[in-house]
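Taking it in order: structure first as structure tokens, then the write-up.
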Amino acid sequence: MAQVIGVMGESGSGKTTSLRNLDPASTYIIDCDKKGLNWRGWRAQYNRDAKNYFVSDDPQMTLACMKTINSTERVKTVVVDTLNGIMVADERRRKDEKGYDKWQDLAWAVYDIVDYALTMRDGLTVVFTAHSQTERDESGYMFTRIKTSGKKLDKIVLESKMRAVLHAQRLDGEYVFTTRSDHSTAKDGMEGTAPERVPNDVAAYIGMMEEFDGVVPSD
């Protein structure tokens, strides 16, 4: 089965930039925000001719693209950037619909995408980026999780389907990932053995997971 990683954070926290060191020859990016990537020279790396970049915020098209990628052996990493792009666009398309069914359909469409990722082939890593939401309760306790549309997705808890959830943040003037915290759903995929703060680099984190799993030997 594939490894599933979440990268959550506020806008501008470095979620998309953290993809910059992935190998374009073995990476496929589904751009659900339709805003492009944000590092120098990205258009030469990811484009239609290279067959590694697809723009869509439609959940059915996203899922269909993932199914095609699953049979494309050259792809080792697939990125969905962001889950919120799908949620908001689907909500917008159905804005005139009333009733509970709309929210049910939206929740299960997103769930199906994340759940399908878990069934994809061995050797594949699926990265879902998402916006984060920080809430404060009546006692002042603050907690950060993946931002969702509708209470049904809150009950599903998307993070529970992911091996690791990295919290992208800018701390002490540096862009980093927090891998675990008492105040968020961040969790590392290596039984708590990863440092609590690692560089903002998805490729490096995948390498750490592969070493932990014995896919690549340690030095």
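The values are calculated or read from the model by the stated rules, or taken from the named source; none is laboratory data. Because the structure is a prediction, the values reported are computed rather than measured. Glycine also receives a Cβ, built like all others from the backbone with ideal geometry; neighbour counts cover every protein chain displayed. Ligands, DNA and RNA are stripped out before the accessible areas are found, and what is left, the full protein with its side chains, is counted by its heavy atoms. Shrake-Rupley method; radii C 1.70, N 1.55, O 1.52, S 1.80 Å.
Expressed as a whole percentage, what fraction of the accessible surface of the chain belongs to carbon and sulfur atoms when a 1.4 Å probe is rolled over the protein heavy atoms?
49 percent
In a GNM of the chain with a 10 Å cut-off on Cα contacts, which of 50, 194, 89 has the highest mean-square fluctuation?
Checking each option, the largest mean-square fluctuation is seen for 50.
For a test of the definition: using alpha carbon positions, the gyration tensor, and the 1.5 limit on a/c, classify segment 1-87 as rounded, prolate or oblate.
Verdict is rounded for segment 1-87.
Would you please give the residues with an amide H less than 5 Å from that of residue 7, counting only those at least 5 places away or on a separate chain, with H modeled from the backbone geometry?
Amide H to amide H, under 5 Å and 5 or more residues apart or across chains, residue 7 pairs with 128, 129, 130, 166.
With just the Cα atoms of the chain, tell me how far they stretch along each of the three principal axes, in Å, largest first.
56, 47, 33
For the chain, modelled as a GNM with alpha-carbon contacts under 10 angstrom, which of 171, 37, 19 fluctuates the most?
Maximum fluctuation in the GNM of the chain, among the listed residues, is at 171.
How much mean residue ellipticity at 222 nm does the chain get from its helices, if each DSSP H run of length 4 or more adds -39500 (n - 2.57) and you divide by all residues, to the nearest 500 deg cm²/dmol?
-9000 deg cm²/dmol
With springs connecting C-alpha atoms under 10 Å apart, model the chain as a Gaussian network and identify which of 182, 115, 58 has the largest mean-square fluctuation.
Judging by the Gaussian network model, the answer is 182.
Counting other C-beta atoms within 10 Å, and keeping those with at most 15, which DSSP coil chymotrypsin sites (Phe, Trp or Tyr not before Pro) do you find in segment 1-98?
39
Please list the non-local residues whose amide H lies under 5 Å from the amide H of residue 32, H modeled 1.01 Å from N, same-chain partners needing a gap of 5 or more.
Sorted by chain and number, the residues that satisfy this are 56, 81, 82.
Just to confirm the filter: which trypsin sites (Lys or Arg not before Pro) across segment 1-72 are DSSP coil and have at most 12 other Cβ within 10 angstrom of their Cβ?
The qualifying sites are 34, 35, 40, 48, 51.
Computed over the Cα atoms of segment 116-176, what is the ratio Rg over Rh, Rh following Kirkwood?
Reported Rg/Rh, Kirkwood definition of Rh: 1.04.
What list of ³J(HN,Hα) couplings, whole Hz, do you get for segment 174-188 from phi and the Karplus terms 6.51, -1.76, 1.60, once you set θ to phi - 60° and write x for glycine and proline?
10, 7, 9, 10, 8, 9, 6, 6, 6, 10, 7, 8, 4, 8, 8
Dipole magnitude of the chain about its Cα centre, charges +1 at Lys/Arg Cβ and -1 at Asp/Glu Cβ only, in debye to the nearest 20?
Approximately 720 debye in magnitude.
Hey, can you find the accessible area per residue of segment 1-47 for me, probe 1.4 Å, expressed in square angstrom?
For segment 1-47, the solvent-accessible area averages 45 Å² per residue.
Amide H neighbours of residue 53 under 5 Å, counting only residues 5+ apart in sequence or on other chains, H built in-plane at 1.01 Å?
Hits under the 5 Å cutoff: 29, 47.
Given the pairs 35/187; 35/76; 147/187; 67/187, which span a C-alpha to C-alpha distance of over 19 angstrom in this model?
Result: 35/187; 35/76; 67/187 exceed 19 Å.
Which of 206, 42, 18 sits farthest toward the positive end of the charge dipole of the chain, with +1 on the Cβ of Lys and Arg and -1 on the Cβ of Asp and Glu?
42
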